Amino acid sequence: MDDIVKQALAKWPNVPHCYGWLGLDARGNWYMRDDRTQAMGPFRAAKGSMLRHDKLIDFIHRNYEHDDEGQWFFQNGPQRVYVELEASPLVWRVAEDEGGGFTVTAHTGKATEVSGCLLDEDGRLYLVSPFGLGLVHTQDVGIAAEAVERGLWIPEAVQASELPGRFGHVLSPAERHAEAATPASAAHP
């Protein structure tokens, strides 16, 4: 986490969290979701405006983490901005190295080691690492398939809907927050 962010947290410790305003798609792109976009539906239905400012994206990457409940967020100074996830909290870029092995790097730029490989009902390939679960970027599926063909990664068949429970991440912190804020009597008339 950036020092300036740590200083802001110390100076303003009680800034309310932000929900629904930032999304991460299955290709590692960030989306800003204003009120109008949020009113159109959940992130999968209404993404919003893709962020293109490199310095802002780098700042988000450096300050992207998860809480104890598996909700991923961007710590924006004193404010925690929870992220709506299209598929997984991480998106992996895979490359073959000069030695014939494979390197795996998160959309945030962090390199990692693979400890598991999963294939869902739609043919999407996920990799498990010490950082968590991530979807292989669509442009790198062919390269990842080479690792599978060589027996380096052995895919386990999974249902995509079971992954958040199994790996402890929340796809929609905004939805969870709204449910928690709704009194039981209002939810069940």
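The values are calculated or read from the model by the stated rules, or taken from the named source; none is laboratory data. Nothing here was measured: the structure is a model prediction, and the numbers come from that model. Because the Cβ atoms are built from the backbone with ideal geometry, glycine has one as well, and the counts that use them run over all protein chains shown.
Mind listing just one residue for me: the one in the range 64-95 that is in a loop (DSSP other than H, G, I, E, B) and of a type in the set (Asp, Glu) and, of those, surrounded by the most Cβ atoms within 10 Å (Cβ to Cβ)? Break it down into steps so the answer makes sense when it comes.
Here is the first cut: in the range 64-95, the ones in a loop (DSSP other than H, G, I, E, B) are 67-71, 77-78, 86-89.
Narrowing the set further to residues that are of a type in the set (Asp, Glu) leaves 67-69, 86.
Details: Asp67: 13, Asp68: 6, Glu69: 10, Glu86: 19.
Looking at residues that are in a loop (DSSP other than H, G, I, E, B) and of a type in the set (Asp, Glu), I get Glu86.
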Exercise. Would you tally the residues in the range 31-57 being of a type in the set (Gly, Ala, Ser) and part of a strand (DSSP E or B)?
Key: 1
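Is it the case, given these coordinates, that Ala147 is surrounded by fewer than 14 Cβ atoms within 10 Å (Cβ to Cβ), farther than 19 Å from Leu24 by Cα, touching an Asp or Glu at 6+ places or on another chain (Cβ under 9 Å) and modelled with pLDDT of 95 or more?
On the way: surrounded by fewer than 14 Cβ atoms within 10 Å (Cβ to Cβ): no; farther than 19 Å from Leu24 by Cα: yes; touching an Asp or Glu at 6+ places or on another chain (Cβ under 9 Å): yes; modelled with pLDDT of 95 or more: yes.
Considered against the rule, which asks whether it is surrounded by fewer than 14 Cβ atoms within 10 Å (Cβ to Cβ), farther than 19 Å from Leu24 by Cα, touching an Asp or Glu at 6+ places or on another chain (Cβ under 9 Å) and modelled with pLDDT of 95 or more, Ala147 comes out as no.
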Self-check item: Unmet requirement for Ser115, which otherwise passes all of (1) touching a Pro at 6+ places or on another chain (Cβ under 8 Å); (2) more than 30 Å from Arg150 (Cα to Cα); (3) small (Gly, Ala, Ser); (4) surrounded by fewer than 14 Cβ atoms within 10 Å (Cβ to Cβ)
Solution: (2)
Quiz item: What tally of residues in the range 68-88 results from selecting those that are of a type in the set (A, V, I, L, M, F, W, C), out of contact with any helix residue (DSSP H, G or I) (no Cβ under 8 Å at 6 or more places or on another chain) and farther than 12 Å from Leu22 by Cα?
Solution: 0
Quiz item: For the range 96-189, list the helices (runs of 4 or more DSSP H) that sit wholly inside it and hold at least 2 residues that are under 25 Å from Asn63 (Cβ atoms) and either under 17 Å from the mean Cα position of the chain (by Cα) or touching a residue at least 60 places away in the same chain (Cβ under 8 Å) (or both); which are they?
Solution: 163-167, 173-181
